[in-house]
Structure formats: C-alpha cells, structure tokens
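What follows is a short report on a single structure.
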Amino acid sequence: MLAICASHSPLMLTDIEHTDAARQQQFHAALDRSRAAIAGYDPDVVVVFGPDHFNGLFLDLMPSFCIGLEAESAADWGLEPARLNVASAVALGLVRALRAADFDVAFSHRMTVDHGITIPLHKLAGGLTRYPVVPIVIDCAADPRPSFARCRALGTAVGRHLASTGMRVAILGSGGLSHDPPTPRIAEAPAHVVERLIVRHTPSADDLRQRETRVLAAARALVAGGGPCRPPSRDFDSRFLERLVAQDMAAFDAYTDQAVDREGGFGGHEVRCWVATLAAMRAAGPVDVALGWYDIVPEWITGMAVVEMRHRDDGRLQAAPAHEPAHGDA
C-alpha cells in the first residue's frame with residue numbers, strides 16, 4: 001500500500017493575495033510529486049480518511065466514523081457537485097469486516113462529502129472518478145470527538161482488512177495541520193447558526209457565498225495580524241510531524257482535545273485522519289514515512305504539509321529534492 005497525508009485549505013482554491021508566491025508553489029510541487037507517485041502505483045482503490053465541516057454530517061446524528069457506500073460531493077468553494085466513483089462492494093466489505101471485529105462504524109448510502117474529501121481527490125488522485133474510492137469520514141469538528149486512540153484503532157482495523165483483500169490500495173489522509181478557522185461552535189453560536197449545525201439541509205448558492213466571504217475576510221485579517229482566527233502553530237506542527245515520521249503511536253494516543261484546542265486550534269483536530277492513515281499502513285506491514293514538505297501559509301490560515309508512506313517491500317521513500325526543501329524558510 002501507498003499513503004499520502006496532505007493538508008487541505010479551501011483557501012488554496014481561491015485567488016486570495018499571497019504572502020509568498022514561492023511558498024505556495026513549493027506546496028503544489030509537493031502535491032504534484034505525490035500525485036505522480038499515486039499514478040505510478042496505479043491503485044485498484046483509493047481510501048480517504050477525511051473530515052467534514054458540517055456540510056454532510058450534522059448534529060442531529062453525528063457518528064464518530066462513517067463509511068460511504070455511495071457518495072456525492074458538496075458544492076462548496078467553487079467545486080462542482082458530482083457523484084464519486086465509490087467502490088461500493090469494497091466499502092461494504094470493509095463495513096462488514098469492522099462490524100465483525102466489534103468496531104461499530106456507521107455507513108451511508110447517500111453520503112455528502114465536502115472539500116475535506118474532495119480536495120485530496122482532485123489534487124492527488126486526478127479527480128472524483130479517476131479511481132474507485134472509499135470515503136471514511138472521521139468526526140473532527142463536533143465535540144465530543146472520538147479519541148486519538150480510537151482513531152488509531154480504526155485505522156489499524158481498516159488497514160488489517162485492506163491488506164487481506166490483495167488489492168493495490170492507496171490511502172489519503174486529509175486535513176490539518178494547525179489552524180483555527182471560524183467554524184461555528186455549538187456552545188457559542190447564535191440560535192440560527194445552531195439550527196444550521198443541527199438540521200440537515202443543502203445550503204443555497206447565496207449561503208455558500210456568504211460563508212466563504214466570511215472565511216476570506218478572516219484569512220485577510222489573520223495576515224494583517226488580527227482575529228478572529230488564531231495563527232497556525234509551527235511548534236504544534238513540528239512536534240506532530242516529528243512523531244508521525246517516528247511513528248510514535250503512544251504519543252498520539254496521549255493527545256487530548258483540550259491540548260489540541262490550545263496548541264493546534266479548532267481545525268488541528270483533523271490530524272486524527274493522519275493518525276488513522278499511519279495506523280492503517282502499519283497494520284499491513286513495516287512502513288517508511290517521509291516528510292515531503294512543510295510550512296505555514298498564512299493566507300490559507302493553515303500549517304501545510306505533505307507526507308508520504310510506503311511499505312518497505314514497495315521500495316524506500318526518498319527525501320524531498322534539495323532544490324525543493326522539505327521545510328520553508330519563513
């Protein structure tokens with residue numbers, strides 16, 4: 001198996017003013033290298049661990065983990081809605097295997113996935129339909145969330161089953177690193193916003209424009225040194241990436257929501273998807289982990305990184321080329 005973990009920010013889909021064009025170019029170049037690796041691997045199926053941002057899952061019924069047996073994309077951030085090429089039989093087999101292993105994962109025959117799933121598919125897998133896909137949504141936004149230990153256990157169970165199928169599997173871990181977007185919190189939101197978090201609905205084009213305008217304004221304010229978003233944390237990101245490369249699963253098990261809120265921001269909880277990805281790879285055999293690129297992109301309000309994982313019998317991963325450094329200078 002081959003795995004890519006990559007940060008996403010919907011702001012990377014906009015023409016927001018850049019603070020350093022080279023930094024964005026380096027991130028996209030790292031994505032290009034990983035996309036080429038996936039194309040060269042030619043997987044039978046692509047499994048995505050990703051978050052939702054209250055576009056597909058709502059607080060009327062919020063599962064910790066949900067596998068899509070059929071799925072379509074939301075129309076957020078200018079991405080055209082489309083039906084995913086879901087490997088339904090593979091997804092159903094995974095649900096059955098997890099249930100048999102006493103892992104009560106939810107499933108959906110009408111899943112809606114947003115940019116947390118679609119950005120990595122577009123940027124790394126060549127689109128929503130290039131490969132058969134199995135979307136796995138992890139609750140990273142709605143408190144209380146599944147623990148990091150439980151996310152690791154999910155990844156382990158998923159990887160164990162996938163290894164038993166004999167398929168060539170590519171896994172994408174989407175989300176993070178540190179960021180503190182203006183996502184509404186139910187404990188603090190006004191009544192009309194709480195209603196949107198609870199009641200399932202399809203936002204209108206005007207709803208989406210208003211939401212995206214607020215995020216763009218927050219990003220510009222952050223670049224100028226204002227709120228409401230806290231800036232990304234290089235310390236949080238560096239510690240997490242060091243532990244990921246070292247495969248320090250015990251350290252991840254010890255992560256708490258309170259610490260992530262404090263150090264990585266509200267969006268930092270999405271690193272659960274990276275932990276699940278690493279656990280899945282480890283369940284299928286010894287794995288090498290290589291950091292392809294990392295830096296903070298202020299106008300995207302996020303610590304951005306690309307990490308590649310490959311089983312040792314597939315060939316050892318190489319570090320990023322010297323002319324495209326793994327770490328930015330800023």
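Assorted remarks:
- Candidates L222, F148, Y294 compared by Cα position along the dipole of region 2-314: farthest toward the positive end lies F148, with charges placed on Cβ.
- Within region 133-151: backbone nitrogen closer than 18 Å to the A259 label point (7 Å, Cα to C-beta): 145-151
- With the simple spin-label model, which puts each label point 7 Å out from Cα in the Cβ direction, the A89 to A246 separation comes to 4.5 nm.
- The ranking of Y41, Y294, Y131 from fewest to most other beta carbons within 10 Å of each one's beta carbon is Y41, Y131, Y294.
- A simple charge model with +1 on the Cβ of Lys and Arg, -1 on the Cβ of Asp and Glu and nothing else charged puts the dipole of the chain at about 660 debye relative to its Cα centre.
- If R0 equals 25 Å, the separation of the Cβ atoms of D60 and D104 corresponds to a calculated FRET efficiency of about 0.85.
- Between the amide H of R185 and any residue lying 5 or more places away or on another chain, no distance stays under 5 Å, with hydrogens modeled in the peptide plane.
- Here the extension length gained between S238 and A217 equals 4.8 nm, from 0.36 nm per residue of separation less the Cα-Cα distance.
- Summarising the strand pairing of region 2-314, around 45 percent of its internal DSSP beta bridges are antiparallel.
- Extension gain, H201 to A189: 0.36 nm times the residue separation minus the Cα-Cα distance gives 2.5 nm.
Every number here is computed from the coordinates shown, using simple stated rules; none is lab data. Note that the structure is predicted; figures quoted are calculated from it, not measured. Because the Cβ atoms are built from the backbone with ideal geometry, glycine has one as well, and the counts that use them run over all protein chains shown.
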